[in-house]
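Report on the following structure.
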Amino acid sequence: MTDAAANLIELTGIERVFHLGDSEVRALRRITLSIAHGEYVAIMGPSGSGKSTLLNLLGLLDRPDAGTYRLEQRDVTTLSPEEQARVRSERIGFVFQSFHLVPRLTAAENIALPMMLAGIAPAERSRRVAKALRDYGLDDRAHHRPDQLSGGQRQRVAIARATVMRPAVLLADEPTGNLDRATGEEVMRLLEELNRQGVTLLVVTHDQTLGARARRQLAMEDGAITNDSGSALTLAGNSSRPA
Ligand code: ADP
Ligand code: MG
């Protein structure tokens with residue numbers, strides 16, 4: 001897939017302004033960005049530079065004030081909230097720094113939640129939950145609630161939940177931010193394995209070492225992309241990995 005038209009994500013002239021009383025914060029300024037299917041991108045930059053705002057927009061958790069967002073060739077900027085929720089549910093997985101699991105639900109129930117909301121039949125649901133628990137080494141934690149799990153186990157539940165609908169893109173906002181180094185390493189390896197299987201992976205991190213592992217690095221400063229190491233996948237004739 002070296003054809004630009006086949007890009008998974010196309011952002012053009014994206015602006016996001018927050019109003020706080022009399023002052024305004026330009027959280028995103030003229031962001032134009034293409035991401036191809038299967039890429040692994042790290043987004044880096046100081047606190048307040050707009051990384052989470054960008055990820056939230058990509059995840060359809062927020063809307064831009066100007067500009068266009070195309071996901072899989074489709075303009076998703078102008079969709080109704082219901083249509084956006086559907087795209088989010090079917091195409092996008094989100095992993096957060098603080099896990100965002102539902103406290104009252106067990107690990108298995110948290111993983112099943114996106115499929116319940118999407119109306120997947122119970123038999124298929126159980127099958128996929130069982131497989132996810134097995135794949136993520138959570139078999140013996142299936143009936144534990146989040147407060148009965150370690151940080152690493154919680155993030156594994158969150159990753160299972162984010163991928164159980166088989167999304168095209170996985171957005172991770174500082175996924176290792178609340179984990180010790182060894183556990184963070186394990187979580188990054190899981191995300192990278194998903195990328196090897198074909199999921200497009202965008203990871204926000206302010207850890208240079210983690211960011212360097214991605215095939216492409218984006219640097220943000222003050223709401224703008226100040227450096228882009230470039231997409232290996234979209235450089236013609238330079239297919240370092242199979243599409
Ligand atoms: P980062 O994730 O890089 O630390 P953010 O995207 O969270 O940065 O924030 C970018 C800028 O936008 C910051 O100045 C932040 O204070 C501001 N901001 C983010 N979200 C909101 C909001 N909901 N209301 C007002 N200002 C916000
Ligand atoms: Mg942030």
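Quick notes on this one:
- Of all the listed residues (Glu82, Glu24, Glu90, Glu10), the sole one being free of Cβ contacts under 8 Å to residues at least 24 places away in the same chain and either in contact with a helix residue (DSSP H, G or I) (Cβ under 9 Å, 6 or more places away or on another chain) or assigned to a helix (DSSP H, G or I) (or both) is Glu82.
- One residue stands out among those in the stretch 27-58 that are more than 8 Å from ligand 1 (Cβ to nearest atom) and not in a strand (DSSP E or B): the one that is most open to solvent (accessible area, probe 1.4 Å), which is His37.
- Filtering Gly119, Gly152, Gly137 for residues that are of a type in the set (Gly, Ala, Ser), farther than 25 Å from Val203 by Cα and more than 16 Å from ligand 1 (Cβ to nearest atom) leaves a single hit, Gly119.
- Whichever residue in the stretch 59-79 is buried (at least 19 other Cβ atoms within 10 Å of the Cβ) and assigned to a strand (DSSP E or B) and, among such residues, is nearest to ligand 2 (Cβ to nearest atom): Tyr69
- Candidates Arg166, Arg125, Arg161, filtered to the one that is of a type in the set (Lys, Arg), without any contact (Cβ under 8 Å) to a residue 40 or more places away in the chain and in a helix (DSSP H, G or I): Arg125
- Only one entry in Ala172, Ala212, Ala219 is more than 30 Å from Ile120 (Cβ to Cβ) and within 16 Å of ligand 2 (Cβ to nearest atom), namely Ala219.
- Options Thr209, Thr226: the member that is hydroxyl-bearing (Ser, Thr, Tyr), at pLDDT below 95 and not in a loop (DSSP other than H, G, I, E, B): Thr209
- Of the residues examined, Ser52 is not one that is hydroxyl-bearing (Ser, Thr, Tyr), over 16 Å from the mean Cα position of the chain (by Cα) and within 16 Å of ligand 2 (Cβ to nearest atom).
- Tally of residues being assigned to a helix (DSSP H, G or I), open to solvent by less than 40 Å² (accessible area, probe 1.4 Å) and in contact with a Lys or Arg (Cβ under 7 Å, 6 or more places away or on another chain) across the stretch 101-122: 6
- Of the candidates Leu179, Leu170, Leu190, Leu194, the single residue that is open to solvent by 10 Å² or more (accessible area, probe 1.4 Å) and in contact with a Ser or Thr (Cβ under 8 Å, 6 or more places away or on another chain) is Leu194.
The values are calculated or read from the model by the stated rules, or taken from the named source; none is laboratory data. Because the structure is a prediction, the values reported are computed rather than measured. Note: ideal-geometry Cβ built from the backbone for every residue, glycine included; neighbour counts use all protein chains shown. Side chains included, ligands, DNA and RNA excluded: accessible areas come from the protein's heavy atoms. Shrake-Rupley method; radii C 1.70, N 1.55, O 1.52, S 1.80 Å.
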